[in-house]
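Okay, structure first, notes after.
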Amino acid sequence: MVWNHADTPLLAKALELAIEALRETERLPENAAIMRNAIREAIESGTTDLEALVEIGARSLSR
């Protein structure tokens, strides 16, 4: 079995915190998917700092 480091509790926690930081009207499935992909990409690139991952998720919506 190959371990996928991008599907970890770290991804889940970072995504949860990033979504909680959004206004309620911005908490949409589309935004969550964008943030999840950005956070996953960062984890795959080696980022493991939770605060940095939350920031990456938040910035992904302003692209």
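What follows draws every value from the coordinates through simple rules; no lab data is involved. Small disclaimer: the values here were computed from a predicted structure and weren't measured. Quick reminder, even Gly has a Cβ in these numbers, built from the backbone with ideal geometry, and neighbours come from all protein chains shown.
Can you give the FRET efficiency to the nearest 0.05 for A52 and N31, using r as the Cβ-Cβ distance and R₀ = 25 Å?
Numbers: r = 19 Å, r/R0 = 0.77.
FRET efficiency, A52 to N31: 0.85.
Given the rule -39500 (n - 2.57) for each run of at least 4 DSSP H residues, summed and divided by the residues of the chain, what is its mean residue ellipticity at 222 nm, to the nearest 500 deg cm²/dmol? Write out the running numbers ahead of the final one.
Working: 3 runs with 39 residues, N = 63.
The helix-only estimate for the chain comes to -19500 deg cm²/dmol at 222 nm.
Could you please tell me the mean projected area of the C-alpha convex hull for the stretch 9-60, averaged over all directions and given in square nanometres to one decimal? Mind showing how you got there, number by number?
On the way: hull surface 12.0 nm².
About 3.0 nm², averaged over all directions.
Give the relative contact order (percent, whole number) for the chain; include only Cα pairs under 8 Å separated by 6+ residues. Display every interim value, and only then the final one.
Details: 55 pairs, mean separation 27.3, N = 63.
With pairs under 8 Å counted, the relative contact order is 43 percent.
Highest GNM mean-square fluctuation, the chain, Cα pairs closer than 10 Å: which of L50, L11, L28?
Highest fluctuation among the options: L28.
Mind listing the long-range amide H neighbours of T47? Cut-off is under 5 Å, sequence gap 5 or more, other chains count too, H placed in the peptide plane at 1.01 Å from N.
none
Can you give the FRET efficiency to the nearest 0.05 for S45 and A21, using r as the Cβ-Cβ distance and R₀ = 22 Å?
Working: r = 22 Å, r/R0 = 0.98.
With a Förster radius of 22 Å, E is 0.50.
Applying the Karplus parametrisation 6.51 cos²θ - 1.76 cosθ + 1.60 with θ = phi - 60° to the phi angles of the stretch 12-21, what ³J(HN,Hα) value in whole Hz is obtained for each residue in order, glycine and proline being reported as x?
For the stretch 12-21, the Karplus-derived couplings read 4, 5, 4, 5, 4, 5, 5, 5, 4, 6 Hz, x marking Gly and Pro.
Rounded to the nearest 10 degrees, what's the angle between the helix 29-44 long axis and the longest principal axis of the chain, both from Cα atoms, 0 to 90?
30
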